[in-house]
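Let me begin by presenting the structure, written as structure tokens, before commenting on it.
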Amino acid sequence: MIFIQALLAGIYQVVQMLLVLAVAPGLVGLVRVVKARLIGRRGPPLIQPYLDLHRLLRKEVVLADNASWLFRVTPYLVFTAIWLAAALVPTFTTALALTATADLIALVALLASARFFLALAGMDVGTSFGGLGSSREMMIAALAEPAMLMVIFSIAILVRTTSLSMIVDFMLDGEVGLRISLALAAISLLMVAIAENGRIPVDNPATHLELTMVHEAMVLEYSGRHLALIEAAAMLKLALYMALIGCVFLPWGIAQPGDGPLAILIGLVTFVLKLACGAVALAVFETSIAKMRVFRYGEFLGGALLLSLLGAIFLYVSTGL
Amino acid sequence: MPSIHYDIAHMLGAVVLLMSFALLYQRRLSSIIQVFAAQSTVLAAAAAWQGYIQDAPHLYITALLALSMKAIVIPVALNRVIQKLRIERTVDTALGVGPTMIAGVSLVTLSILLVLPVTPDVTALTREDLALALSVVLLGLLTMITRRNAIGQVIGFMSLENGLILAAIGVEGMPLIVEMLVAFAVMVAFIIFGIFFFHIRERFDTLDLRTLEDFRGERR
Amino acid sequence: MAFISLCILAMLVLATVGAARPWFSHAHEVVHAGMALTCGAAAVAVLARLAANDSGVETLTLPIGLPWLHANLRLDALSAIFLLAVNLGGCLAAVFGWSYARHDAEPGRVLPVFPLFIAAMNLVLVADDAFVFLAAWEFMSLSSWLLVLATHREDETRRAAYVYLVMASFGTACLLLGFGILAGASGDYGFAAIRAHQLEPVPASFAVLLVLLGAGSKAGLVPLHVWLPLAHPAAPSHISALMSGVMTKVAIYGLMRVLFDLIGQPLWWWGAVLAVIGAVTAVVGVLHALMQDDIKKLLAYSTVENIGVIVIGLGLALVFKASGVPALAALAMTAAMLHVLNHSLFKSILFFSAGSILTATGERDLNQLGGLIHRMPATALFCLIGAAAISSLPPLNGFVAEWMLFQAVLNGPLLEQWELKIGFAVIGALLALSTALAAACFVRFYGIAFLGRARSARAEQAREVDPVMLTAIAVPAVLCLVIGVLPKLAISLIEPVNRLSVGEGMFDAGGHGGWVWLAPASAFGNSYSGFMMFMTILILTILAVYMIHRYASNRVRRSIPWGCGFTDPAPLGQYSASSFAQPIRRVFVSQLFGARDIVDMPAPGETRPARFELELRDPAWDWLFTPVVKLVGWIADKVDHLQFLTIRRYLTLMFLALVTLLVLVAVSQ
């Protein structure tokens, strides 16, 4: 029995890894389509990101003369680190083989590793754009990461764990109720997610020649399969954050260990639905807001950090812990 | 008390507090007034909800008063004042946004630390309500300190009043009289401030209080 | 115990060999090889002792010192873990110094003092009475002061040495008073007697405060950190590594010996004070590190940050111990001890790398470096591991300690006091902030020094350093990876320390989880596995590389950089160290430290160059030290008058002093 469960967990884990990889480009495609429609354009087809990735993968790599080995290794490291992180977040079931490998804190650190190497790669060729992107990315991370850890702190005080599967199981039990701390944590996490994924109002994923860009400036020197991996990693990261927000704050539909095939099916369908809703919401939000000045980021993310801290503090009032 | 009662009251109180933070964060006069109107609306909702939970009809009147006066009449009037005086739309803050927000969070922490130990035997709802209300009061004061503009200070003062009302509605058996008084106090203050504005404006052509300080010879 | 004493004796002999350098041509080789062997042997001996999970105590009384007062030495688990850190660091420094110190202009200044320094640190760790402890402590301070003065011809060094001497004397004075209170009226300065003597809360608190000032000034706690970034970089690089990576740990040992052993049952607020100071130290230290352009200064400030992290761990452990939850105290203590070991490893890597850069280019200024990854590939690889480890990235060792520390912070709600519950949240936020800023700091350090294009001709012509130096960098780099992937190996060494200091081991409450999983029961069921993470990343990376190269494209073409079409031929157009730090400076530092960018842009047509200057102030100088210096100056001025009195007045003064003393005696009876 235990053996079968372990086997199932392994299978689910592989399914999840392939699933996130398969849906992540579609998610970005959906955001682009909805945004185009909202501003009155027809927009690219939904499968455009898949086609882009395919095309990039077949092209040759054009490396700068002075690019080092670090520059060539980074895309693979970044891709696998984010892929692994995305595989750790429960999407359709909590019975995952790798769930004990890393809790939420380790997940944040895994994303930090990916960022560390990407920022180094941005500085490798020695153009001013790369350094600009890296420097701003690290400034954003310096505030976004603590904010995210404080969100985790709030959740951990409430549910007494930082293991994602256990958080989902606890939230599904429905003993939590409406809590101001959770609302604050959710707002803060949304702000972090926007900043970390380089969406408007912090960064604009659609620009390539503007001084305000961050992520795109950092990866400016990449081409061919390296660029494909980095783009795929960025898409996976967006899917990861949506899955994370979904599984912590809207856990309904996720199957638990011991559930039958029907529950798994429901889990899969609700996951795709959640992502679609998230994509539409993101598109609406992005079209309705203006890009922020670079030096307002500090206030924006500092606000996120303080909100999450406030959330943690307020838990003591409401739960009387 | 069913938990849904508690949850919603808790939620509304917290939103009032969040609005106080939004007041601290905002820089444009019109948004400050909007946020204040929103805060008063939520306060009215909180009062109505408390009226329903405590089965106290007079709280509905409080809610109505808060809604009509603070959420509609005063914001509209203030907007008209701004238009009439054609004053610049952004407010000078005395402190940067970062330090102000850190100060705000520290004040909330302080009020929680103050309220929790002295109220061990009341219900969770009341102690939480008191902690929230005290935070709103302190944040209102902070808003008043950090704004250089007179309108910003008035809004801070009224947001402080909102905190007092929040405290009053949370405690069961508070008579209507108190709330009426509070409402009147606000009105009086509003009128006084209104007259005051026009006088300052007539004298100095601005609502920036630094000009007044110059006049008193405080600034060198 | 006897073996450690022999090792210390051997070091003293080596010191005399070093002093005999003018008459003995192979002194350099003998001292360095001898130190490497001695330290290595001592490290292996304590490692074996810790690995055997030996909680026993060995004592030794040496008939040295005053006739009625012998030197008492003692070896227990707490001493052993720090002896491991000291001797491992000493061994690596000796290996690195074998090659590195050949380039010294005046090796005679370092050679005799280097063994003396390590011997003094060893002696502090095995002292069993306050006399031996303080004497060894003072020896440690003075020998390191001599090492700082090794390059005394530079003005900055002389200032650094002066500030260091003042702070070290202050620290020792505080420790002396602290031990005085601890020993009480009986005046028995043996640690056994102090342990048996229970103090009242008020004198105990004073003793804690004094020890915190004394040991804290040595460890570099804010606001007593000002000497550290001046003194550590002034010494030769392998000595800097020792001072930063090891001597600060000896200070931490002094703090722990008093707080967790000698003083008995602690009060909860001592731990709270410690944790708050630690959190402030961590954030201030890393912000300073981010602003530095000098690589060795940057690393010294980063030491301040890491000491802060260790002290947070100690503070949490003390709070949990005082609140009667030893399992959680063990969790925090393990995190702090693991960070002690980790930091001595990665700080050795980083300071040795800085030394290699200095040897290869002669530059310490980040803005003159760049592109070293092409010319020093091996150093670059090991330094990358060090930089990633100090930024707490999984699956390296820095993250394991960070993870356990966060698990301890998350247990804050179990405590009773409201201040602590909320304070833990704030400390968690500051800890997270310092971690994230540390990552930014080391991206800057590594990216500017090793990546990009060379910013000066000397960086262009750099050569890889010799294999001996590389070995000294490689060994700690490999250890970082091993501890990160299999943290249980290092944690099992810490268990005896936990039993001694907080009364319970981390895994005594169950939740062992084999050698792959790190799942202490006190971390409420949370688990982490560096091994699984490392293996998964490895397998996935190999898979991705294989799939892409097999089925997609594997063609590469070299070309000039794209740079959005802006090809800038001059390497000065790259991001520099100051420009990289600019966003963080604007967000965090401008209000805290009063940082100001002064840009002097000439009008069109003018021929003078544009200038950019950065003004940084340390509030600790402005608010604490400058007023104290002024006060001391004022008092000195007043006292100066005493030199010019007549004999009659001198006699009057003495007479008054005598009468006052007699009155005091009369009143106190």
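Output yes when any residue across region A:152-163 is modelled with pLDDT of 85 or more, in a helix (DSSP H, G or I) and facing another protein chain (nearest Cβ under 7 Å), and no when none is.
Within region A:152-163, one or more residues are modelled with pLDDT of 85 or more, in a helix (DSSP H, G or I) and facing another protein chain (nearest Cβ under 7 Å).
Scan region B:1-47 residue by residue and report those that are within 23 Å of B:ALA103 (Cα to Cα), more than 11 Å from every other protein chain (Cβ to nearest Cβ), among the aliphatic types (A, V, I, L, M) and over 13 Å from the mean Cα position of the chain (by Cα).
Selection gives B:LEU29 alone.
Do you know which residues across region C:578-593 are without any contact (Cβ under 8 Å) to a residue 40 or more places away in the chain and among the β-branched types (Val, Ile, Thr)?
Restricting attention to region C:578-593, the residues satisfying the condition of being without any contact (Cβ under 8 Å) to a residue 40 or more places away in the chain are C:579, C:582-583, C:586-587, C:590-591.
Once the filter is applied, which keeps residues that are without any contact (Cβ under 8 Å) to a residue 40 or more places away in the chain and among the β-branched types (Val, Ile, Thr), region C:578-593 yields only C:VAL587.
Go over the candidates A:LEU305, A:LEU282 one by one and state the one that is at negative phi, more than 14 Å from every other protein chain (Cβ to nearest Cβ) and either crowded, with 21+ Cβ neighbours inside 10 Å or not small (Gly, Ala, Ser) (or both).
Working: A:LEU305 fails: more than 14 Å from every other protein chain (Cβ to nearest Cβ).
Being at negative phi, more than 14 Å from every other protein chain (Cβ to nearest Cβ) and either crowded, with 21+ Cβ neighbours inside 10 Å or not small (Gly, Ala, Ser) (or both) holds for just one of A:LEU305, A:LEU282, which is A:LEU282.
Give me a count of the residues in region A:254-287 that are touching a residue at least 60 places away in the same chain (Cβ under 8 Å), more than 14 Å from A:LEU30 (Cα to Cα) and either among the charged types (D, E, K, R) or in a loop (DSSP other than H, G, I, E, B) (or both).
5
Only one residue in B:SER106, B:SER159, B:SER135 is closer than 25 Å to C:LEU420 by Cβ, surrounded by 22 or more Cβ atoms within 10 Å (Cβ to Cβ) and either hydroxyl-bearing (Ser, Thr, Tyr) or modelled with pLDDT under 70 (or both). Which one?
Working: B:SER106 fails: surrounded by 22 or more Cβ atoms within 10 Å (Cβ to Cβ); B:SER159 fails: closer than 25 Å to C:LEU420 by Cβ.
Selected residue: B:SER135, the only one of B:SER106, B:SER159, B:SER135 that is closer than 25 Å to C:LEU420 by Cβ, surrounded by 22 or more Cβ atoms within 10 Å (Cβ to Cβ) and either hydroxyl-bearing (Ser, Thr, Tyr) or modelled with pLDDT under 70 (or both).
Outside any helix (DSSP H, G or I) and more than 7 Å from every other protein chain (Cβ to nearest Cβ), is that true of A:VAL168? Talk me through it step by step, then tell me what you get.
On the way: outside any helix (DSSP H, G or I): no; more than 7 Å from every other protein chain (Cβ to nearest Cβ): yes.
Judged against the criteria, A:VAL168 is not a match.
If you check C:ASP155, C:ASP129, which single one turns out to be closer than 21 Å to C:MET256 by Cβ and modelled with pLDDT under 90?
Details: C:ASP155 fails: closer than 21 Å to C:MET256 by Cβ.
Checking each option against the conditions leaves just C:ASP129.
Which residue pairs have Cβ atoms under 7 Å apart, sit 6 or more places apart or on different chains, and have a first residue in region C:530-551 that is at the interface with another protein chain (Cβ under 8 Å from one of its Cβ atoms) and a second that is of a type in the set (D, E, K, R)?
Matching pairs, first to second residue: C:ILE548/A:ARG225.
C:LEU415 - would you say it is more than 25 Å from the chain's Cα centre (by Cα), more than 14 Å from A:PRO146 (Cα to Cα) and more than 8 Å from every other protein chain (Cβ to nearest Cβ)? Walk me through how you get there before you give the answer.
Numbers: more than 25 Å from the chain's Cα centre (by Cα): yes; more than 14 Å from A:PRO146 (Cα to Cα): yes; more than 8 Å from every other protein chain (Cβ to nearest Cβ): yes.
Yes; evaluated as a whole, the condition is true for this residue.
Going through A:PHE314, A:PHE249 one at a time, which residue ends up being of a type in the set (Phe, Trp, Tyr), touching a helix residue (DSSP H, G or I) at 6+ places or on another chain (Cβ under 6 Å) and more than 11 Å from chain C (Cβ to nearest Cβ)? Let's see the steps before the verdict.
Details: A:PHE314 fails: more than 11 Å from chain C (Cβ to nearest Cβ).
Result: A:PHE249 is the single residue among A:PHE314, A:PHE249 that is of a type in the set (Phe, Trp, Tyr), touching a helix residue (DSSP H, G or I) at 6+ places or on another chain (Cβ under 6 Å) and more than 11 Å from chain C (Cβ to nearest Cβ).
Select, from C:ARG453, C:ARG458, the only residue that is assigned to a helix (DSSP H, G or I) and either more than 8 Å from chain A (Cβ to nearest Cβ) or over 21 Å from C:VAL280 (Cβ atoms) (or both).
Working: C:ARG453 fails: assigned to a helix (DSSP H, G or I).
Checking each option against the conditions leaves just C:ARG458.
Looking at (1) surrounded by 24 or more Cβ atoms within 10 Å (Cβ to Cβ); (2) within 28 Å of A:PHE71 (Cα to Cα); (3) more than 7 Å from every other protein chain (Cβ to nearest Cβ), can you tell me which one A:LEU111 breaks?
All conditions are met except number (1).
Run C:SER353 past the list (1) in contact with a Leu (Cβ under 8 Å, 6 or more places away or on another chain); (2) touching a residue at least 60 places away in the same chain (Cβ under 8 Å); (3) more than 8 Å from chain A (Cβ to nearest Cβ) and report the number of the one that doesn't hold.
(1)
Among the residues of region C:139-157, is there at least one that is more than 27 Å from C:GLU29 (Cα to Cα) and buried (at least 23 other Cβ atoms within 10 Å of the Cβ)?
no
Please go through region C:553-577 and give me each residue that is surrounded by fewer than 18 Cβ atoms within 10 Å (Cβ to Cβ), among the small types (Gly, Ala, Ser) and in contact with a helix residue (DSSP H, G or I) (Cβ under 9 Å, 6 or more places away or on another chain), ordered by number.
C:SER553, C:GLY573
Looking at region A:44-67, which of its residues are among the basic types (Lys, Arg) and more than 7 Å from chain C (Cβ to nearest Cβ)?
Start the filter on region A:44-67 by keeping residues that are among the basic types (Lys, Arg), which leaves A:55, A:58-59.
Selection gives A:ARG55 alone.
Somewhere in region A:34-44, is a residue crowded, with 16+ Cβ neighbours inside 10 Å and either part of a helix (DSSP H, G or I) or touching a residue at least 24 places away in the same chain (Cβ under 8 Å) (or both)?
yes
The values are calculated or read from the model by the stated rules, or taken from the named source; none is laboratory data. Small disclaimer: the values here were computed from a predicted structure and weren't measured. Neighbour counts run over all protein chains shown; Cβ positions are idealised from the backbone, glycine included.
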